[in-house]
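The values are calculated or read from the model by the stated rules, or taken from the named source; none is laboratory data. Please read these numbers as outputs of a predicted model, since none were measured by experiment. Cβ coordinates were reconstructed from backbone atoms using ideal geometry, including for glycine residues, and neighbour counts include every protein chain displayed. Ligands, DNA and RNA are excluded from the accessible area calculation, which covers all protein heavy atoms including side chains. Shrake-Rupley method; radii C 1.70, N 1.55, O 1.52, S 1.80 Å.
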Amino acid sequence: RKALIISNPGAEGEEGYLKGVSKDVYNYTNFLKSPIGGYWYSSEIEHLFRPSCATLRNQLSVLKKYEYTMIIFTGHGRYSPGLESTMLDLGEEEINSNELKNVADKETVILDCCRKLPSSIILSESFLEKSNERVSFDSDRCRKYYDQRIDKCDKATIIAYACSIDEFSYDGQTGGIYSSSLIGQSVHWANNLDAIDRPAILSIVQAHDMADIKLRTERDDQHPQMYKPRSGEYFPFCVVA
């Protein structure tokens, strides 16, 4: 398995700079390395900060050798009606998010960026309270069951969008509000699972749905979307063992 986190908060000092992006990178990295995030090793996680298209494409080619990849983008983006695709702003260049699809046989893509039709970018602050509970998890068992779930899954690409077409993805004090909700709801689920129910897997689809529900109770202008197979086992996002 291999995870790639791509980030572009914009240029520091500019009006559109996204302070939450660095928090997203920190939160995703720590979540993945935690037992409930699948106990990924540091060597299995790469981070590209405002990469060129060439650098990103080179890294994507490296990912092809892995059975399972998770690609996360956090930062600026837009929706191109002509290409019918979400464009990711890398800083000096932008890349079609379709290039992140089908990189590996089994793949999860998380895109926390705006999908607005070309227009100016606005920001909003939203605070997500995180659980401070501490529950004991077995790292090795969590990694074992995470890997077993990947093995059970068919070849597929699942894409989680932080918002719908022609919507903004909002930035907040704890990071992007979608990413914060995705991780926060997963942590809450893990912390509140009875011991008798272990081991248990929360799929990326279930985690996305939980984040979607939370966002819909807090605001009416950001509606996450998901691209996924209509049936079959879905890739893991959170595990308790």
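Brief remarks on what is shown
- Considering every alpha-carbon pair of segment 12-128, the percent of pairs per 5 Å bin, from zero through the bin containing the longest distance, is 2, 10, 19, 23, 21, 15, 8, 3, 0.
- Taking amide H as placed 1.01 Å from N in the peptide plane, the amide H of VAL109 sits under 5 Å from that of ILE71, ILE158, ILE159, ALA160, each at least 5 places away or on another chain.
- Here the accessible area is traced with a 1.4 Å probe on the protein chains. For the chain, carbon and sulfur cover 45 percent of it.
- For the chain, with +1 on Lys and Arg beta carbons and -1 on Asp and Glu, the positive-most of PHE73, TYR161, TYR146 along the dipole: TYR146
- Sequence-distant residues sharing a close amide H with SER34 (under 5 Å, placed H): TYR39, TRP40
- Contour minus Cα-Cα distance for LYS65 and ARG219 (0.36 nm per residue): 51.4 nm
- Three-way shape label, segment 1-79, alpha-carbon gyration tensor, a/c 1.5: oblate
- THR174 accessible area, assembled protein chains, probe 1.4 Å, Å²: 20 Å²
- For segment 172-221, the C-alpha radius of gyration divided by 2.2 N^0.38 Å, with N the number of residues, is 1.24.
- Contact order, relative form, for segment 2-65: 41 percent (alpha carbon pairs under 8 Å, 6 or more residues apart, mean separation divided by residue count).
- 3J(HN,Hα) along segment 160-174, derived from phi through the Karplus expression 6.51 cos²θ - 1.76 cosθ + 1.60 where θ = phi - 60°, amounts to 9, 9, 6, 8, 8, 4, 6, 10, 8, 9, 8, 9, x, 5, 10 Hz, with x in place of Gly and Pro.
- Taking the C-alpha atoms only, the angle from helix 139-152 to the longest principal axis of the chain is near 70 degrees.
- For segment 101-107, the Karplus equation 6.51 cos²θ - 1.76 cosθ + 1.60, evaluated at θ = phi - 60°, returns couplings of 7, 6, 5, 10, 4, 10, 8 Hz by residue, with Gly and Pro reported as x.
- Per residue, the chain exposes 46 Å² of solvent-accessible protein surface, assessed with a 1.4 angstrom probe and all protein chains in place.
- Reported label for calculated log10 I(q)/I(0) by the Debye sum over Cα atoms at q = 0.08, 0.13 Å⁻¹ given (i) -0.34, -0.83; (ii) -0.44, -0.89; (iii) -0.27, -0.74: (iii)
- GNM result for the chain, Cα springs below 10 Å: residue of GLU107, GLU67, GLU12 fluctuating most strongly: GLU12
- Contact order for the chain, expressed relative to its length and based on alpha carbon pairs under 8 Å spaced 6+ residues apart, stands at 23 percent.
- Across LYS144/LYS214; LYS2/LYS101; LYS2/LYS152, pairs whose alpha-carbon gap is larger than 24 Å: LYS144/LYS214
- About its Cα centre, the chain has a charge dipole of approximately 780 debye under the convention of +1 per Lys or Arg Cβ and -1 per Asp or Glu Cβ, with nothing else charged.
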